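Chemist: What follows is a single structure, and I will ask about it in a moment.
Where a number appears in this text, it was derived from the coordinates with a stated rule and is not lab data. Remember, predicted model here, so these are calculated numbers, not experimental data.
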Amino acid sequence: MLLAALDREGKIERALEELGPIAGRDVLVIGAGEAELARFGAAGARVTRLALNGSAPWPIADASADTIVSAWSAFRGVGPAELEEADRVLRPNGRLLVIHDYGRDDVSMLRGDLPEYGIWSRRDGPFVRNGFRIRVLHCFWTFETMAEATAFLEHAFGGTGRTFAAGLKRPRLSYNVAIYHRTRGGRIDSSQAVAAASR
C-alpha cells in the first residue's frame, strides 16, 4: 500500500535523472525493492541490483557503473569503506546518489527520533564532511481515501498512527526526502555544500 502512495508525482525519479543522470546509464542500485527497481528501469536506467551484507569489497567490477543509487538502507552515516567501494565501482565522473528521509514533515512525526532527521543533514554531519551536496524533495504519501490512509497508518504505527490519522484533513502526508549527491572522489567546501531546494 505504501509503495502505491509514495511520491505519486515522481519527484524522486526526476531528481535522480537531474543529479545522475540515470537514463541510458549503467546504474548500480543498493537497497531498493522490486517496485523501486522497476521505476528506475522505466526511467531508462540499465539497472544492476546489489544487496549489501556489510562486507567489502562489493561483488561488482571496477569502473562498471555510471551512477550508484543507494535507496535508504546503505550509507547510513557514511563510512570510509563504503565511499572507497563506491569510488572503485564508479567510472570517471560517475555519480553517487544516496536517498534518505530528511524529516521536518508529517512522516517524521510518526517515526520518531532518527539520525537522518538531525546530524546527517548538518554542515558538520557525515555527508557534507565527505563531499556531498544535499537536494531536498518535498514529496507526499498520497492515499486514495481517508479510510485507506487510516488503515495503513494504524497498521504501520499502531495507536500513534490512528491518532495522527484522526487529525488529517485529506489522505496525504508530507514527506521530505534528501538526495545526498557527489561526484566520484569529490570533495567540496562544506560552506557551499547544503543546497536544500523545493522540487
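Chemist: Could you state the per residue volume, in Å³, of the convex hull enclosing the Cα atoms of region 1-48? Walk me through the numbers before you get to the answer.
Modeler: On the way: hull volume 3.3 nm³, N = 48.
It comes to 69 Å³ per residue, whole-number rounded.
Chemist: Take the chain, compute every pairwise Cα distance, and split them into 5 Å bins from 0; I just need the percent in each bin.
Modeler: 1, 7, 15, 19, 19, 16, 11, 6, 4, 1, 0
Chemist: Take the Cα pairs of region 31-84, get the Kirkwood Rh, then feed it into Stokes-Einstein at 10 °C and 1.306 mPa s and tell me D in µm²/s. Present the calculation step by step, with values, prior to reporting the outcome.
Modeler: Details: Rh = 12.4 Å.
So the translational diffusion coefficient is about 128 µm²/s.
Chemist: OK, next. Quickly estimate the mean residue ellipticity at 222 nm for the chain, helices only: each DSSP H run with n ≥ 4 gives -39500 (n - 2.57), and the total goes over all residues, rounded to 500.
Modeler: Working: 7 runs with 63 residues, N = 199.
It lands at -9000 deg cm²/dmol.
Chemist: Please report Rg over Rh for region 6-97, where both radii come from the alpha carbon positions and Rh follows the Kirkwood definition. Don't skip to the end; give the middle numbers.
Modeler: Values: Rg = 12.5 Å, Rh = 13.3 Å.
Rounded to two decimals, Rg over Rh is 0.94.
Chemist: Also, I was wondering about something else. What whole-number distance in Å separates the alpha-carbon centres of region 138-179 and region 1-42?
Modeler: Going from one Cα centre to the other spans 22 Å.
Chemist: For q = 0.13, 0.21, 0.25, 0.28 Å⁻¹, what log10 I(q)/I(0) does region 96-140 give under the Debye formula with an equal point scatterer on each alpha carbon and no solvent?
Modeler: The computed values of log10 I(q)/I(0) come out as -0.29, -0.73, -0.96, -1.12.
Chemist: For region 72-113, max minus min Cα coordinate along each principal axis, in Å, sorted largest first?
Modeler: The principal-axis extents, from largest down, are 40, 18, 12 Å.
Chemist: Please list the radius of gyration and Dmax for region 94-195, considering alpha-carbon atoms only, with Å as the unit.
Modeler: 16.4, 48
Chemist: As a test of understanding, state the convex hull volume per residue of region 65-141 from its alpha carbons, in Å³. Please report the intermediate quantities before stating the final value.
Modeler: Working: hull volume 7.9 nm³, N = 77.
So the per-residue Cα hull volume is 102 Å³.
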